[in-house]
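Trainee: Structure provided below as structure tokens; questions to follow.
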Amino acid sequence: MALERTLSIIKPDATRRSITGKIIARLEEGGLRVVAQKRIRLTREQAEGFYAVHRERPFFGELVEFMSSGPVVVQVLEGENAIARNREIMGATNPKEAAPGTIRADFAESIGENCVHGSDGPETAKEEIAYFFSACEIVG
Ligand code: RTP
Ligand code: MG
């Protein structure tokens with residue numbers, strides 16, 4: 001399996017509760033390397049653009065509101081099978097359904113405010129990384 005890259009976002013619920021360090025430790029212990037990282041505050045427009053695939057979903061307004069409500073930490077993670085590996089470490093979208101020991105099971109408070117985002121496939125990973133980072137900001 002070749003090295004893969006994925007986009008990770010530590011969401012505003014996690015920055016608000018000062019658990020970004022704990023989350024990054026889980027990612028690193030899980031075999032992922034942080035090859036790019038920055039703390040930013042998304043505008044409404046940036047959040048809408050990022051989650052455009054969910055535009056028609058009933059939770060879209062709430063999601064955009066939440067994602068622009070405070071700082072986030074955006075990261076590029078690298079590792080073997082990084083996209084699937086990151087989603088394993090994150091756990092299911094709904095923390096009540098997330099496997100024990102995953103980030104969402106251990107830290108998330110609701111399906112909406114669920115601490116982390118991870119790209120869901122190679123195409124989205126590529127697009128999402130380019131949404132936040134230029135090539136020279138990623139140092140492998
Ligand atoms: P993500 O994109 O953030 O990594 O999460 P995911 O793939 O596990 O979940 P997805 O279906 O892509 O949903 C994106 C985000 O929207 C919020 N959500 N709220 N209130 C709800 O029923 C609901 N469902 C989804 C969550 O923040 C979810 O991570
Ligand atoms: Mg998703």
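The values are calculated or read from the model by the stated rules, or taken from the named source; none is laboratory data. All values derive from a computational prediction rather than experimental measurement. Every residue, glycine as well, gets a Cβ built from its backbone with ideal geometry; the counts of neighbours run over all protein chains shown. Remember, those area values only see protein heavy atoms, side chains included, never the ligands or the DNA or RNA. Shrake-Rupley method; radii C 1.70, N 1.55, O 1.52, S 1.80 Å.
Trainee: Name the pairs whose Cβ atoms lie under 8 Å apart, with the first residue in the range 20-42 and closer than 13 Å to residue 8 by Cα, the second open to solvent by 50 Å² or more (accessible area, probe 1.4 Å) and in a helix (DSSP H, G or I), and 6 or more positions between them or separate chains?
Mentor: Cβ pairs passing all conditions: 32/85; 34/28; 36/137; 38/137.
Trainee: If I ask for residues that are small (Gly, Ala, Ser) and open to solvent by 20 Å² or more (accessible area, probe 1.4 Å), which ones from the range 109-135 would you list?
Mentor: 110, 112, 130, 134, 135
Trainee: Here are some residues: 38, 22. Which one is within 15 Å of the chain's Cα centre (by Cα) and either part of a helix (DSSP H, G or I) or hydrophobic (A, V, I, L, M, F, W, C) (or both)?
Mentor: 22 is the lone residue from the list that is within 15 Å of the chain's Cα centre (by Cα) and either part of a helix (DSSP H, G or I) or hydrophobic (A, V, I, L, M, F, W, C) (or both).
Trainee: Take the range 41-70 and flag every residue that is within 16 Å of ligand 1 (Cβ to nearest atom) and not in a helix (DSSP H, G or I).
Mentor: 42, 51, 55, 56, 57, 58, 59, 68, 69, 70
Trainee: Select from the range 110-140 the residues that are in a loop (DSSP other than H, G, I, E, B), under 17 Å from residue 10 (Cα atoms) and within 11 Å of ligand 1 (Cβ to nearest atom) and list them in ascending order.
Mentor: Those that are in a loop (DSSP other than H, G, I, E, B), under 17 Å from residue 10 (Cα atoms) and within 11 Å of ligand 1 (Cβ to nearest atom): 110, 111, 112, 113, 114, 115, 119, 120.
Trainee: Specify which of the listed residues (101, 91) is of a type in the set (Gly, Ala, Ser), surrounded by fewer than 13 Cβ atoms within 10 Å (Cβ to Cβ) and at positive phi.
Mentor: Answer to the selection: 101.
Trainee: Please list, ordered by first then second residue, the pairs with beta carbon atoms under 8 Å, 6 or more apart or interchain, first in the range 70-87 and under 24 Å from residue 17 (Cβ atoms) and open to solvent by 20 Å² or more (accessible area, probe 1.4 Å), second assigned to a helix (DSSP H, G or I) and at pLDDT 95 or above.
Mentor: Note: pairs meeting the criteria are 71/12; 71/15.
Trainee: Going through the range 7-38 one residue at a time, which ones are touching a strand residue (DSSP E or B) at 6+ places or on another chain (Cβ under 6 Å), under 18 Å from residue 114 (Cα atoms) and either open to solvent by 60 Å² or more (accessible area, probe 1.4 Å) or among the hydroxyl-bearing types (Ser, Thr, Tyr) (or both)?
Mentor: 8, 15, 20 - these are the residues of the range 7-38 that are touching a strand residue (DSSP E or B) at 6+ places or on another chain (Cβ under 6 Å), under 18 Å from residue 114 (Cα atoms) and either open to solvent by 60 Å² or more (accessible area, probe 1.4 Å) or among the hydroxyl-bearing types (Ser, Thr, Tyr) (or both).
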